[in-house]
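The values are calculated or read from the model by the stated rules, or taken from the named source; none is laboratory data. Because the structure is predicted, anything quoted here is derived from the model rather than measured. Heavy atoms of the whole protein, side chains included, go into the accessibility calculation; ligands, DNA and RNA do not. Shrake-Rupley method; radii C 1.70, N 1.55, O 1.52, S 1.80 Å.
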Amino acid sequence: MQIVSAELPESFELNETYEIRVRYLRPSACVFFEGFDITKESTTTRNVVAIGTEFLDEPCTQAVEELEASFNFICLYEGTYLFKFWNGEDENGNQQYIEMEVPVN
């Protein structure tokens, strides 16, 4: 599901846990949020995708709804973290991301 925004702290402290809030679009009433797929691209780069499940055996509305969910993140490395939140595809099918950097104190 398309992520439209995220709330991150201005900085991280090493070995601390942070709640990351994410706003995403639910494309229809038949799609339900399942969680986040967070992959480690490099030591301090994380790709974040909101995962949904679609139930086809029920009548749905196509109304797009913006919702919020969160996940906990533990800062394990020094440097600056780069979060890449999946934001959909452009008109050519290229993956688009909202990129946000957070330095570690």
For the chain, accessible area per residue (1.4 Å probe, heavy atoms of protein chains only), Å²: 61
Equivalent-ellipsoid semi-axes of region 1-60, from the Cα gyration tensor, Å, largest first: 29, 12, 9
Accessible area of region 21-64 belonging to carbon and sulfur atoms, whole % at 1.4 Å probe: 52
Where the eigenvalues come from the Cα gyration tensor of the chain, what are the semi-axes √(5λ) of the equivalent ellipsoid, largest first, in whole Å? 29, 15, 11
Between residue 29 and residue 16, 0.36 nm times their residue separation minus their Cα-Cα distance comes to what? 1.0 nm
